[in-house]
Structure formats: structure tokens, C-alpha cells
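The values are calculated or read from the model by the stated rules, or taken from the named source; none is laboratory data. Note that the coordinates shown come from a computational prediction; the quantities given were computed from them, not determined experimentally. Here the Cβ positions follow ideal geometry from the backbone for every residue, glycine too, while neighbour counts run over all protein chains shown. Just the protein is used for accessible areas: all its heavy atoms, side chains included, with ligands, DNA and RNA removed. Shrake-Rupley method; radii C 1.70, N 1.55, O 1.52, S 1.80 Å.
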Amino acid sequence: MPRTRTVILGAAGRDFHNFNVLFRNDRRTEVVAFTATQIPNIDGRKYPRALAGPLYPKGIPIVPESDLESLIRDQGVTEVVFSYSDVSNQHVMSRAAVVNACGAHFRLLGAGPTMIPSKKPIVSVCAVRTGSGKSQTTRKVAGMLREAGKKVAVVRHPMPYGDLAKQKVQRFKTVEDFAKHHCTIEEMEEYEPHVVAGTTVFAGVDYEAILRKAESEADVVLWDGGNNDMPFYKPDLHIVVADPLRVGNERTYYPAEANLRLAHVVIINKIDSASPAAVDELRDSVRAVNPHAVIIDAASPITVDHPERLTGKRALVVEDGPTLTHGEMKFGAGTVAARKWGATEIVDPRPHVVRSIARTFETYPNIGVLLPAMGYGPEQIKDLETTINKVPCDVVVIGTPIDLTRLIKIKKPTVRVRYDLQELGRPDLHDVLGRMLA
């Protein structure tokens, strides 16, 4: 019986995981290619033989998603599997229309078959959109578990932008490990806060191998999700963060609603910056989709290290890259800080952007007057540094989870913004974690 010729649509994360758990050893299916989107410079590579397994002695090519129609036609593809996140439902169905018009089946994989069970308790923290507040929630949960006397291993959703075979299983115990693994800004933004707090972080490409390594060191494994994707591991407690600044996205972005329906706990974050009407609307939406979930109200208050540098000054605001790009947020913590502490102007960086940063604005023209901290490789980090130093401003507001001045030389005064999760009222995370750990 001939094998089903399949293409997996991805963005260097969920696509590799779906292949590993469902297709790598499936003799009924032949994956002829992965496609790539969202992240720059991840196409033109191969998923290597060392990871693809014995059925793929030459590895599997990774090509731009723009090649999809010709790929289906020229390679005799009969099935396309959609495997990336934080895109509108309309975007997903648009890809389905392309695939169906080319004569192939379009497939979305279920949550259960792609979740790996663990011998240790799993707590997962995910969200309905990028930029909802996963990072501060995961930090909060990790701290609470440590305070309860548990050894915690954080496993981060994949960001394999380098040598895939070398990134099969990565372990980050100290900040020196970031250089060892040639981490990008995006990776360090997620790993560094945990490592500095004393929590070991695991990541990479092969998430079953990663889980077994994490299990050997931890009492509890904490899944730190990416975008609005579902967890790769079967959770004992699934926490999903929802955003009242983007009400409706929880039911119109893929796979947000699936994530929401799976949740044991939903955190409505940013109550301090959203209108009461928006919070009520989001609460009603959550209840309609998942009436059994525990709802926790929360805020993400910000602090800055040098507020006096903002008052009366022209500020360039640098925000988390993915939050502004495919997350589509119009502002972040840096913007809130600049306004709160009296900056007279948020300076538009667009006339001064160079090379890869300019291409980011071309791809995502609705970013506006904020500068996304793009850093998917050395060239892009250098372009970010050049752009920041070209912008005529008095102060640079760093709204990213890491201190950019450790990575790039900024010639203007800087203000570092930090934010943490603050639960409001009851129930709270102590209630739900206590029940799980009892």
C-alpha cells in the first residue's frame, strides 16, 4: 500500500513535535516537506536524519510556506497537516482552501494524541494569544512550587532556530549556558528569568527525550507554553491566561478556543489596564466555552529602575518582538511605563530601521511607533542595535523580559521595565496548586 504523501505546515516548533510523536515511525505516511512561516531564516534547512529517524535517511526539507501550491502539485501531496499557532481562524481556513483547491486533504491534529504523558506531575501554563502574560504566570507558579519544597524543571515550548540535531535536548542551569547553546534574544527572554531565579530550564526539538531528562531531575515538570499553543505534555493542571485587551481573540484565533476548552484554570490578566466592561465580556466568553474552569483575576503591575529618566523625555520604546508581530498587540509594558512616568513623546523608529528590522515592519505593517526586539540571530541582533542607536530620542525604554544592554550597546540612557503577576482576590493560584499537590 503506498504511503500517504504529506506536508506539515509549521514554524519550527509544533510542526516538529507533531512529526516526532505521530509520523516519525509511521510507515503509512511519508512527510515530503515541512513549510516555514512567522520566523525569519528557518526555511532552506533540513530536518536532519538524526531527528527524522530511519525512514528518512536524507532528512526532510524545510521550505517557505509560499511554495505550498507548487509543492502539492509537484510532489503528489495528498495530505497537508496544519501545525503552528497564534493565527486567526480565518487564516487557518484560508490555508485549508488553498490545500483543498489543489486537491489535497487538510488536517488538524487532536490535542490528546500529541500530548506525551509523564511519570511526574505536569503543570502547564498556556494562553489564548501571545503577550497575554504567560511568562509572569509561569514565573509565579515556579516560585510557588519551589516554596512548597518541590524541585521544579521548566520545559519551554520549542524555539529551535539553530542546529537542530545539536538542539535535540537542551538544558539551561546558568546564564553561561545561553552562549553555549547560541541562544537568540527570543530564547533568552524566556529562559533567563527562570534560570536567574534558580530553576533549570529544558528545551529543544525532541520533547519526549526532553521530558525524560526533566523527569530525572524534578518533582514537578512545569510546561511553559508558546504563542497560544496547546501543551505538548498531558497536564495534571492546565492553566490558560486570557487577555481582556483583546476580547474575542480567545474564540477566533487558532488554537485558542481549544486551549481554553482544555483549561482547568483560566487567569484573566491585565485587569489593572483593561476596562471593567472588557473584563466582564471576557469572563462571560470564558464561562460560555468552559463553565467548569476556575477563573482567577490578576494584574501585571510594572516597575522601572530609573523613572526619573522618563519624565519630560522623548522615549524610544522597545517591546517584546513576537507580542508586537504575530501577537498583534499595539502596546506593551514599555509603553505603559513611558506614559505612566511622564514621557512627552514615544518616538517613531520607522524612519530609522535598517535591513532585517525594516523587513519586519514590511511583514507586520501595523506595529506602529514601537520597536520590536527582534533577535533571531547575530545579524538581526546587530540590526536591532544599529536601529536603536539611529533613533533620535532621549531615553530607550526596554520593555523586554531580559536586559538588552547585556547583548547590545545602547548609546542613550535606558530604563528597564519589569512586570510580575499579581492575583486579585480568591480563588488564587495557592488554592489550585494546593489541591494538586495535596
Residue by residue, what Karplus-based ³J(HN,Hα) values in Hz, rounded to whole numbers, does segment 136-151 have, using 6.51, -1.76 and 1.60 with θ = phi - 60° and x for Gly and Pro? 5, 5, 4, 4, 4, 5, 4, x, 5, 5, 5, 4, 7, x, 9, 7
Dipole size in debye (nearest 20) for segment 303-373 around its Cα centre, Lys and Arg Cβ +1, Asp and Glu Cβ -1? 160
Going down the table (K330/K382; K134/K270; K58/K180; K168/K382), which pairs top 20 Å between alpha carbons? K330/K382; K58/K180; K168/K382
Dividing the mean separation of Cα pairs under 8 Å (6+ apart) by the residue count of the chain yields a relative contact order in percent of 15
Most mobile listed residue (D26, D15, D403) in the chain, GNM with C-alpha springs under 10 Å: D26
Could you give me the ³J(HN,Hα) list for segment 265-272, computed from phi with Karplus coefficients 6.51, -1.76, 1.60 and θ = phi - 60°, whole Hz, x at Gly and Pro? 9, 10, 9, 8, 8, 6, 4, 6
Treating only the Cβ of Lys, Arg, Asp and Glu as charged (+1, +1, -1, -1), what charge dipole size does segment 175-262 show about its Cα centre? Round to the nearest 20 debye. 340
With unit charges on the beta carbons (Lys and Arg positive, Asp and Glu negative) and the dipole taken about the Cα centre of segment 196-309, which residue among A242, I302, N290 sits farthest to the positive side? N290
From the phi angles alone, apply the Karplus equation (6.51, -1.76, 1.60; θ = phi - 60°) to segment 229-240 and give each ³J(HN,Hα) in whole Hz, x where the residue is Gly or Pro. 6, 7, x, 7, 10, 6, x, 7, 9, 10, 9, 10
Just to confirm, what accessible area per residue do you get for segment 331-373 at 1.4 Å probe, in whole Å²? 47
Considering only segment 135-291, what is the antiparallel percent among its DSSP beta bridges, to the nearest 5? 25
Show the residues, 5+ positions off or on another chain, whose built amide H is closer than 5 Å to the amide H of Y233. I116
In the chain, what % of DSSP beta bridges are antiparallel (nearest 5)? 20
Compute, for the chain, the length of the dipole vector about the Cα centre, with Cβ point charges of +1 (Lys, Arg) and -1 (Asp, Glu) only. Units Debye, rounded to 20. 780
What number, rounded to the nearest 500 deg cm²/dmol, is the helix-based mean residue ellipticity at 222 nm of the chain, given -39500 (n - 2.57) per DSSP H run of at least four residues and division by all its residues? -8500 deg cm²/dmol
May I ask you to give the percent of accessible area on segment 18-143 that is carbon plus sulfur, with a probe radius of 1.4 Å? 50
Just the number, please: percent antiparallel of the DSSP beta bridges in segment 265-384, rounded to the nearest 5. 0
Could you tell me the distance between the Cα centroids of segment 32-87 and segment 330-379, to the nearest Å? 31
